[in-house]
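The values are calculated or read from the model by the stated rules, or taken from the named source; none is laboratory data. Just so we're clear, the structure is a prediction, and the values are computed from it rather than from any experiment. No Cβ is skipped: glycine too gets one built from the backbone with ideal geometry, and neighbour counts run over all protein chains shown. Keep in mind that these areas ignore ligands, DNA and RNA; they rest on the heavy atoms of the full protein, side chains included. Shrake-Rupley method; radii C 1.70, N 1.55, O 1.52, S 1.80 Å.
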Amino acid sequence: MYSLRDKVVFITGASSGIGTSCARAFAGEGAKILMAARRKDRLNTLSAELKTDLGVSSHCLQLDVRDQSAVAKALADLPADWAAIEVLVNNAGLSRGLDKLHEGKLGDWEEMIDTNVKGLLYVSRAVIPGMVKRAKGHIINIGSIAGHEVYPGGNVYCATKFAVNALSRGLRLDLSGTPLRVSTVDPGMVETEFSLVRFHGDGEKAGKVYQGLTALSPDDVAAAVVFCATRPPHVNISEIIVMPQAQASPMVVHRT
Ligand code: NDP
Ligand code: 8X3
């Protein structure tokens, strides 16, 4: 196993769901946690929890990954102790709406493309050159089963996750010959704030998504991410697809 003790792990979208679980799970491995999101208050609370519960230090960045210059500046200005990022978890992302494409809202499309695709690219562009220079690093993208199969109303969200899939593959090719690793962890249904965000805060609609089945917990996904990061350096887990037992595909879900 590869030890992450005292290594800097950078997690985007750590203020909720899978990102928060990843922060806790990597802290459990003794890593130093660098985390980013727009909701700084949540990051501060998590940071205090990691210190109290696990004695782990963390550093919080209030950051909108859609803002390219802010991303570049935040990463260029990191204190020396935090600059040598060894693991990057590109997790920040969201879905907006489940409309038919010809009825879709342009604002929803922009937000998904700007966050899930362009935001991931901005962060990657700011972090990976340092990894290449140090000849050390692992990029773990959070994709989705939506990046493998399209479902009705998924159109643009699925397109962004297909893009994440292509970017993970492309990055692995471009980093060939370096010691860097690239993985993608692609979950099915995970019970987080994801559906609440998708349905613009409609809790009733969001709750229905997870009714009648045990969805994945964000901790289940974090366990897969940590598994990728703790393999020996000669092992690259390219892709993990993980779904609830009750989900056979995006559209085939057994509910009781
Ligand atoms: P949550 O809504 O619980 O968390 C999303 C996180 O992304 C939050 O921390 C949010 O932070 C952050 N985020 C969103 N937009 C931005 C932005 N512009 N800049 C910085 N951070 C941002 O959802 P999940 O934990 O479920 O989602 C995490 C990832 O997992 C996403 O990429 C999602 O597509 C993917 N995924 C989720 C699945 C699910 O069923 N839940 C299944 C498959 C994949 P803040 O709002 O504070 O900025
Ligand atoms: C999230 C899973 O099926 O809602 O990426 O698209 S799904």
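Apart from one condition, Gly177 fits all of (1) open to solvent by 60 Å² or more (accessible area, probe 1.4 Å); (2) touching a residue at least 12 places away in the same chain (Cβ under 8 Å); (3) small (Gly, Ala, Ser); the exception is (2).
Selection of segment 197-247 for residues being within 23 Å of Ile140 (Cα to Cα) and of a type in the set (Ser, Thr, Tyr) yields Ser217, Thr230, Ser238.
The single condition among (1) within 28 Å of Lys7 (Cβ to Cβ); (2) open to solvent by 30 Å² or more (accessible area, probe 1.4 Å); (3) in a helix (DSSP H, G or I) that Lys205 does not meet is (1). The set of residues from segment 135-170 being crowded, with 18+ Cβ neighbours inside 10 Å, assigned to a loop (DSSP other than H, G, I, E, B) and either away from ligand 2 (no atom under 11 Å from the Cβ) or not hydroxyl-bearing (Ser, Thr, Tyr) (or both) comprises Lys136, Gly137, Gly143, Gly154. Contact annotation: no residue pair with Cβ atoms under 7 Å, 6 or more positions apart or on different chains, pairs a residue in segment 63-75 that is within 18 Å of Arg42 (Cβ to Cβ) and basic (Lys, Arg) with a partner that is within 16 Å of ligand 2 (Cβ to nearest atom) and open to solvent by 20 Å² or more (accessible area, probe 1.4 Å). Note on segment 32-54: residues that are over 15 Å from Asn91 (Cβ atoms) and open to solvent by 50 Å² or more (accessible area, probe 1.4 Å) total 10.
For segment 1-22, filtered to residues that are surrounded by fewer than 24 Cβ atoms within 10 Å (Cβ to Cβ) and in a loop (DSSP other than H, G, I, E, B), the residue that is modelled with the lowest pLDDT is Met1. Within segment 245-256, the set of residues being in a loop (DSSP other than H, G, I, E, B), out of contact with any Pro (no Cβ under 9 Å at 6 or more places or on another chain) and either surrounded by 12 or more Cβ atoms within 10 Å (Cβ to Cβ) or not basic (Lys, Arg) (or both) comprises Gln245, Ala246, Ala248, Ser249, Pro250, Val252, His254, Thr256. Determine, yes or no, whether Asn90 is under 25 Å from Val209 (Cα atoms), surrounded by 18 or more Cβ atoms within 10 Å (Cβ to Cβ) and touching a strand residue (DSSP E or B) at 6+ places or on another chain (Cβ under 6 Å). So Asn90 passes the test.
Of all residues in segment 12-27, none that is on the phi < 0 side of the Ramachandran plot and of a type in the set (Asp, Glu) has its Cβ atom under 9 Å from the Cβ atom of a residue that is within 8 Å of ligand 1 (Cβ to nearest atom) and assigned to a helix (DSSP H, G or I), 6 or more apart or on another chain.
Scanning segment 213-244 for residues that are open to solvent by less than 30 Å² (accessible area, probe 1.4 Å), of a type in the set (Gly, Ala, Ser) and over 11 Å from Met189 (Cα atoms) yields Ala222, Ala224, Ala229.
Here's the yes/no breakdown for (1) over 30 Å from Leu106 (Cβ atoms); (2) among the aliphatic types (A, V, I, L, M):
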site: Cys158; (1), (2): no, no
site: Ala163; (1), (2): no, yes
site: Ser183; (1), (2): yes, no
site: Asp186; (1), (2): no, no
site: Arg198; (1), (2): no, no
site: Ala224; (1), (2): yes, yes
site: Thr230; (1), (2): yes, no
site: Met243; (1), (2): yes, yes
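Being charged (D, E, K, R) and in a loop (DSSP other than H, G, I, E, B) is the filter here; which residues of segment 41-86 pass it? Asp64, Arg66, Asp67, Asp77, listed by residue number. Checked against the criterion of being in a helix (DSSP H, G or I) and in contact with a Pro (Cβ under 6 Å, 6 or more places away or on another chain), the candidates Val127, Val132, Val221 yield just one match: Val221.
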